[in-house]
1. Run down Gly53, Gly128 and say which single residue is in contact with a Pro (Cβ under 9 Å, 6 or more places away or on another chain) and either closer than 30 Å to Leu169 by Cα or free of Cβ contacts under 8 Å to residues at least 12 places away in the same chain (or both).
2. Select from region 85-101 the residues that are hydrophobic (A, V, I, L, M, F, W, C) and in a loop (DSSP other than H, G, I, E, B) and write down the one among them that is modelled with the highest pLDDT.
3. For region 271-287, give me the residue count where each residue is free of Cβ contacts under 8 Å to residues at least 60 places away in the same chain and surrounded by fewer than 24 Cβ atoms within 10 Å (Cβ to Cβ).
4. Step by step: first the residues of region 411-432, then only those that are surrounded by 21 or more Cβ atoms within 10 Å (Cβ to Cβ) and not in a loop (DSSP other than H, G, I, E, B), then the one that is nearest to the chain's Cα centre (by Cα). Which residue is that?
5. Among the residues of region 135-181, how many are free of Cβ contacts under 8 Å to residues at least 60 places away in the same chain, in a loop (DSSP other than H, G, I, E, B) and crowded, with 22+ Cβ neighbours inside 10 Å?
6. Determine which member of the set Leu104, Leu63, Leu82, Leu58 is of a type in the set (A, V, I, L, M, F, W, C) and modelled with pLDDT under 95.
7. Considering only residues of region 210-244 that are hydroxyl-bearing (Ser, Thr, Tyr) and in contact (Cβ under 8 Å) with a residue 40 or more places away in the chain, which is farthest from Asn173 (Cα to Cα)?
8. Suppose we filter Ser311, Ser305 for residues that are of a type outside the set (A, V, I, L, M), surrounded by 19 or more Cβ atoms within 10 Å (Cβ to Cβ) and more than 23 Å from the chain's Cα centre (by Cα); which single one remains?
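The values are calculated or read from the model by the stated rules, or taken from the named source; none is laboratory data. Not measured: the values here are computed from a predicted model. Every residue, glycine as well, gets a Cβ built from its backbone with ideal geometry; the counts of neighbours run over all protein chains shown.
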Amino acid sequence: MGSQSVSENSHLLSRIAAGDGHGENSSYFDGWKAYDSNPFHPVSNPGGVIQMGLAENLLCLDLIKEWIKEHPEASICTEEGLNYFEAVANFQDYHGLPSFRQALARFMGKARGGRVSFNPDRIVMSGGGTGAQETLAFCLADPGDAFLVPTPYYPAFDRDFCWRTGVRLLPINCYSCDNFKLTKAALESAYETARKDNIRVKGVLMTNPSNPLGTTMDRGTLKTLLTFVNQKRIHLICDEIFSGSVFNQIDFLSVCELLDEEPSYDKSLIHIAYSLSKDLGLPGFRVGVIYSYNDTVVKCARRMSSFGLVSSQTQHLLSHMLNDDDFTSKYLAENKRRLHKRHEEYTSGLEKFGIKCLPSTAGLFVWMDLRQFLKENTENGELELWRVIISDVKLNVSPSSSFRCTEPGWFRVCFANMDDATMHVALKRIGDFADKVKDETTQLQQKKRFNKKLRLSFCRINDGGITQHLMSPHLQSPQSPLVKASY
């Protein structure tokens with residue numbers, strides 16, 4: 001078999017296959033590749049790259065493993081659970097196991113503090129959060145249509161939401177001066193810009209809690225969003241994938257709560273994406289959720305779910321686990337405690353080196369401020385710094401430009417995907433780098449001050465001649481090449 005040229009592929013294959021719309025040509029994914037080619041291991045490869053660009057939650061997997069050991073009947077692959085093997089192995093209804101949808105609805109409510117409830121009949125399953133986003137895009141928009149999304153936003157949305165659907169994402173620019181808070185003015189500006197460009201806006205896509213900021217949306221901002229989409233008659237997709245990972249004693253406010261409080265909002269415009277990848281730390285189980293208040297969307301999404309069904313074996317296991325109220329209550333509380341502890345350890349460690357992060361209360365990451373280390377305040381300057389961190393410091397962190405942020409120098413750093421020892425290695429590397437840069441900066445400043453003083457010493461002119469105090473025997477004569485070189 002021979003290899004085809006790019007031009008041949010463009011002719012022979014579809015636009016999707018021949019194009020680069022996947023979004024993989026991004027510093028976000030390049031960092032993953034750098035890690036994959038040289039992964040850190042404390043024994044076999046202590047000088048490798050530490051993965052801090054992947055938002056995984058490994059902090060509470062011990063609780064899940066312990067539960068599985070204590071409940072072998074939950075798996076059809078054990079002697080205790082083998083009686084269910086035939087029924088589960090042959091189940092392929094794309095509605096999903098009723099017991100699983102019921103358990104999932106209860107868990108989603110509990111993860112939101114028990115202040116909202118979910119109807120199992122409105123739950124549609126998908127292959128992870130990626131499948132949920134794409135299915136919603138297919139249901140709500142046509143190729144060429146657009147959704148507005150506040151910046152900075154999750155880089156893989158460009159793949160998940162746009163690649164195969166042909167839907168576009170248009171940024172709503174938010175800024176650090178007010179902690180990247182979404183404003184009504186920014187919403188209106190982005191919408192009007194799209195309208196002037198003859199782009200049909202079908203909705204707003206947002207994450208709450210925010211990825212990458214780790215912040216939660218307040219009641220006023222959520223009301224502004226709901227009012228905006230109702231007035232424009234467009235959709236709102238709320239990605240609440242980190243809703244059970246809120247710490248610092250902050251109560252997460254789901255959009256569902258406001259819908260229950262304000263019956264005037266049109267619920268048919270509201271859709272929620274969720275997954276068990278983050279809160280339960282099970283991304284490999286590929287459990288994504290669409291929860292829509294729109295009957296037509298539920299019907300269409302359920303039909304589409306046959307392209308990305310969750311394994312019936314996975315549903316069976318998780319239905320047992322999520323129906324265990326004692327376990328889920330203990331898990332959610334301990335998950336928050338451990339996330340809070342890790343967040344505090346990491347951010348306080350950074351502060352010792354003079355590095356600050358955006359204040360955050362949720363998620364598996366921080367938005368780290370490295371603007372002080374930029375050689376130039378541009379995207380290129382940020383990428384230059386990022387390459388140094390990848391190649392020299394050996395940390396995979398994600399630059400703000402990959403999140404469509406307009407302010408260079410911010411980096412998303414994940415802290416929950418490693419053990420304590422690895423976190424301390426990462427902190428030491430960052431500290432050593434910060435100290436090195438500060439030393440180099442100090443030396444450069446001292447050199448500049450010295451050169452400036454030197455020039456001033458030799459360049460003091462008094463009526464066209466050298467001042468008397470310069471005629472010291474310890475100094476070069478006015479005819480010295482050094483004097484001439486200084487002009």
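1. Numbers: Gly53 fails: in contact with a Pro (Cβ under 9 Å, 6 or more places away or on another chain).
Exactly one of Gly53, Gly128 is in contact with a Pro (Cβ under 9 Å, 6 or more places away or on another chain) and either closer than 30 Å to Leu169 by Cα or free of Cβ contacts under 8 Å to residues at least 12 places away in the same chain (or both), namely Gly128.
2. First, the residues of region 85-101 that are hydrophobic (A, V, I, L, M, F, W, C): 85, 87-89, 91, 97, 100.
Those still in the list that are in a loop (DSSP other than H, G, I, E, B) too: 91, 97.
On the way: Phe91: 79, Leu97: 89.
Of everything passing the filter in region 85-101, Leu97 is modelled with the highest pLDDT.
3. 2
4. First pass over region 411-432, keeping only residues surrounded by 21 or more Cβ atoms within 10 Å (Cβ to Cβ): 411-416, 418, 426, 430.
If we keep only those that are not in a loop (DSSP other than H, G, I, E, B) too, we end up with 411-414, 426, 430.
Working: Phe411: 10, Arg412: 7, Val413: 9, Cys414: 9, Ala426: 19, Ile430: 20 Å.
In this case the residue turns out to be Arg412.
5. Final tally of qualifying residues: 2.
6. On the way: Leu104 fails: modelled with pLDDT under 95; Leu63 fails: modelled with pLDDT under 95; Leu58 fails: modelled with pLDDT under 95.
From the options Leu104, Leu63, Leu82, Leu58, the qualifying one is Leu82.
7. Within region 210-244, the first condition is being hydroxyl-bearing (Ser, Thr, Tyr), and the residues that meet it are 210, 215-216, 221, 224, 227, 243.
Next, only the ones that are in contact (Cβ under 8 Å) with a residue 40 or more places away in the chain stay: 210, 215-216, 221, 224, 243.
Values: Ser210: 14, Thr215: 16, Thr216: 17, Thr221: 15, Thr224: 16, Ser243: 24 Å.
So the residue we want is Ser243.
8. Ser305
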